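Since the structure comes first, as structure tokens, the remarks are kept for the end.
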Amino acid sequence: MSADAERAGRLLGGRYDLTSVIARGGMGVVWEATDRVLDRPVAVKEVTYPVHVTEHEREVLRERTLREGRNAASLDHPHVTTVFDVVEEDGRPWLVMEHIPSRSLQQLVEETGPLPWQAVARIGLDVLDGLVAAHRAGIVHRDVKPGNVLVDTAGRGYLTDFGIATATGDSSLTTTGTMIGSPSYMSPERAHGEQPGPPSDLWSLGATLYTALEGRPAFAKDEPMATLMAVVSEHPPPMLHAGPLEPLVRGLLTKDPALRTTPGQARTELQSALSGAPAAQAWPPPQSSAPPPTRSADAAAAAGGDQVERISAEDLKALALGSAALIGSVARDAADQARHLADKRRARRADRADRAAPPPPRRPAATPARPARRRFRFRRRWVVVPVVVLLLALSIVVIGVVALLGSAFGWF
Ligand SMILES: Nc1ncnc2c1ncn2[C@@H]1O[C@H](COP(=O)(O)OP(=O)(O)O)[C@@H](O)[C@H]1O
Ligand SMILES: [Mg+2]
């Protein structure tokens, strides 16, 4: 009999009846259970310790679960999973939560590929509300990603898993400099080893919405450090399915936290995208308890960025040094990004004007289409480069002549 089967049917803390496994996450197993006292369904997170953990690491995991309980319990928000209880049994804590019949955004993307932008906008608004409530309470989530967003049968979003969240005043559990998280969803400032603040969660929300819209993460390489390098220095690849949400996602994925889209701006942009938008067809998808279908290549790509990784202090230092050289290119990226958005806005305006204007008279078919003439544009480098080359050549000649005269007349 498997360990899961043995535990199913177990009465935890004399009160919670474990029924079946909902999911296996980075920290353990999440169970569907029934609270015998209040006679209601609950979800129970069992923290499983990896086989070779040291006593110290065990203590850290235990502390982290208790902290998740405290953080989530201090928040009372309709879009944050509520924690009801923490039970300590078998020498480890078990987290008892509100049960939300749902699938994670990660599962949905793996099963169905990119989600309609209208659905993503609604989920985005819900998660944003939950995040703002956490920030107001002084809690930074630090692990916002598709695996930690639940989507219920009505298409509403819930933020869960405050496992690596920090509350103001809490001492950090990662005192050794090791960083824990999912590189594809970590903000650039976190990748630089800085203490993450609320804007860091907004970056992760942007990266989460990107995955939901495109069916794959914006940044996912084979190695965690390569992914972090891409996070600090690369543009997200062009978005093909984002519709009116593209500027919002790009704004959230701004490298500089001071320039990043704020929660207020994000809410306004999401609401205006949704105002008057028809509900997405075939949404929400039917809920099923059946195992997900065999993964496609896209599903595997979507899953690629969700693993929790441990990144050592040395690697972070190397990244900080390497990326210092990249700061110039990041600044260029920001300028490119701004230019790209301005171009798109111009194209949209021109498109609207075209549609409003009467169609232009057609050319007679016999007239051969003349190739468009390229506009002549003067470039400063056409003057600067030859002048610099000429000056260099002249100075070499002068130095040569002086050297010749010098040796002839014995000056040196
Ligand atoms: N309250 C809940 N109700 C229903 N399902 C849940 C609940 N909490 C978590 N899950 C499921 O369990 C998965 C892992 O949960 P999570 O809290 O993220 O654990 P981990 O810390 O192991 O990542 C989620 O992606 C979701 O599918
Ligand atoms: Mg999780």
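Computed from the coordinates by the stated procedures, all read-outs in this text should not be read as laboratory data. Remember, it's a predicted structure, so these values are computed and weren't measured experimentally. All Cβ positions, even for glycine, are placed from backbone atoms using ideal geometry, and neighbour counts span all protein chains on display.
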Checklist outcome for this item: Quick calc, Val37 & Gln271: beta-carbon distance into FRET formula, R0 41 Å, rounding 0.05, result 0.50
Checklist outcome for this item: Most exposed to least, judged by fewest other Cβ atoms within 10 Å, Trp283, Trp382, Trp31 sort to Trp382, Trp283, Trp31
Checklist entry - Once the piece of chain linking Glu111 and Ala154 is laid out straight, how much longer is it, given 0.36 nm per residue of separation minus the C-alpha distance between them? => result 13.7 nm
Next on the checklist: For the pair Asp76/Asp222, report the inter-label distance in nm, with labels modelled 7 Å from Cα in the Cβ direction.
Outcome noted: 5.2 nm
Next on the checklist: Can you give me the distance in nm between label points at Ala403 and Leu66, each placed 7 Å from the Cα along the Cα-to-Cβ direction?
Outcome noted: 7.7 nm
